[in-house]
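Each remark here refers to the structure printed beneath this line.
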Amino acid sequence: MKKWQKTGAFVSAIAFAGVALAGCGTANNTATSNSGGATTGAGNTTTGSSKSVNKNITIGYVNWSEDVATTFLWKNLLTKKGYNVTVKELNAGPLFVGLSKQGGLDVFFDTWLPHTHKAYMDKYGKSLTSLGKWYQGKTKIGLVVPQYVYNKGITSISDLNKNASKFNNQIIGIGPGAGEMQTLKGPVKKAYNLKLNIVDGSSAAMISSLKKAENAHKDVVVTLWSPHWAFAKWKLKYLKDPKGKFGQPGWIQTEANKQWVKGHPTMTKYLKNFKLTPMQLGKLEESINKNGKTKGVQDWINNNKSLVDGWFK
């Protein structure tokens, strides 16, 4: 997912952030785990004996497979440690706005650099603290087709215009606020003079379109990224990007609100210890995809106890 231009969609996303983050627990995609003790909402304190200790954390996430996996993994782990965990699903624009505001969001696991989220980091980075690169592999974004489409000779982004009718003149995208979409609609579209319609949607809708095409052996081109479990499920190929507009491979790191970090040294230490290899992340995503967030995460934890224990040292 790559470098972006500030478009109308981005501005709308920023405006929406004030509504999305105005109150705790008002959004449909918000979930809270209370570990016990008296709380008055996200950002407040849990009352103990003689001393109040803030054990609240609000994790923002986008609906990308690796972010869902890591967010609900840490929701499980921190709840067991006695923390009150709230998770909020947002588009990237509102998420970074909330992360930059004290009392908004506290942590985001899925910052893609140096390309995808560079615009947001340039704008809000001074209010954030990096907790390190947790993904021990390289990331990639781009346009993807099934192997059987690639085998027909459609191997490059440069091949799309002359084969547009085979794809119903569409490129299936994800959420308009995603960095990958901003890159596709901006530098990629311009460099390759793309004539196909770029369809805004969601990660789930994109996967649904890919699944239907695979099942029917139909031609389809979608926006996708690595790491993603779809590459394990289907035989997929990235279209070549000879002009390099999607950027070079990068990394994923955790970002947290700077003021929140100062007040939570123990939790910050845990999060800095967090590391996953591509294989470990793939197994976690596979478990969630098969069994759902709650059981899928717990099953994975049960099979990786020594790894998990190491994060809390």
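The values are calculated or read from the model by the stated rules, or taken from the named source; none is laboratory data. The shown structure was predicted, so the numbers you read here are calculated from the model rather than taken from an experiment. Positions of Cβ are generated from backbone atoms using ideal geometry, with glycine treated the same way; all protein chains shown enter the neighbour counts.
Name the residues in region 121-139 that are surrounded by 19 or more Cβ atoms within 10 Å (Cβ to Cβ) and either within 19 Å of TRP229 (Cα to Cα) or at pLDDT below 95 (or both), would you?
Across region 121-139, the qualifying residues are TRP134, TYR135, THR139.
Within region 63-72, identify whether any single residue is modelled with pLDDT of 95 or more and farther than 21 Å from ILE301 by Cα, and answer yes or no.
no
Need pairs with beta-carbon distance below 6 Å; first residue of a type in the set (Val, Ile, Thr) and within region 150-169, second assigned to a loop (DSSP other than H, G, I, E, B); sequence gap 6+ or separate chains.
ILE157/LEU239; ILE157/ASP241
Name the one entry in ALA204, ALA232 that is in a helix (DSSP H, G or I) and touching a residue at least 60 places away in the same chain (Cβ under 8 Å).
Only one candidate passes the filter, namely ALA204.
What are the residue pairs meeting all of these: first residue in region 189-201, first residue within 8 Å of LEU160 (Cβ to Cβ) and in contact (Cβ under 8 Å) with a residue 24 or more places away in the chain, second residue in a helix (DSSP H, G or I) and hydroxyl-bearing (Ser, Thr, Tyr), Cβ atoms under 8 Å, and 6 or more apart or on different chains?
Note: pairs meeting the criteria are TYR192/SER158.
When GLU180 is evaluated against the numbered criteria (1) among the charged types (D, E, K, R); (2) closer than 21 Å to PRO227 by Cα; (3) assigned by TED's automatic domain parsing to the domain that holds LEU307, which criterion, by number, is the only one it fails?
All conditions are met except number (3).
Can you tell me which residue in region 235-264 is farthest from the chain's Cα centre (by Cα), limited to those that are in a loop (DSSP other than H, G, I, E, B) and within 20 Å of PHE109 (Cβ to Cβ)?
The residue in question is HIS264.
Suppose we filter ALA191, ALA204 for residues that are small (Gly, Ala, Ser) and either buried (at least 21 other Cβ atoms within 10 Å of the Cβ) or more than 29 Å from LYS275 (Cβ to Cβ) (or both); which single one remains?
ALA191
Tell me, which helices (runs of 4 or more DSSP H) wholly within region 86-161 include 2 or more residues that are assigned by TED's automatic domain parsing to the domain that holds THR266?
92-100, 118-124
Among residues belonging to region 206-237 that are among the aromatic types (Phe, Trp, Tyr) and touching a helix residue (DSSP H, G or I) at 6+ places or on another chain (Cβ under 7 Å), point out the one that is farthest from GLY175 (Cα to Cα).
TRP234
Of the residues in region 207-229, how many are among the small types (Gly, Ala, Ser) and either in contact (Cβ under 8 Å) with a residue 60 or more places away in the chain or assigned to a loop (DSSP other than H, G, I, E, B) (or both)?
The number of residues fulfilling the criteria is 2.
In region 82-102, which residue that is of a type in the set (Ser, Thr, Tyr) and more than 9 Å from THR58 (Cα to Cα) is nearest to the chain's Cα centre (by Cα)?
Here the residue is SER100.
Among the residues of region 265-278, what is the count of those that are modelled with pLDDT of 95 or more and outside any helix (DSSP H, G or I)?
Qualifying residue count, region 265-278: 3.
Would you pick out the residues in region 247-269 that are more than 23 Å from LEU77 (Cα to Cα), in contact with a Phe, Trp or Tyr (Cβ under 8 Å, 6 or more places away or on another chain) and surrounded by fewer than 21 Cβ atoms within 10 Å (Cβ to Cβ)?
TRP251
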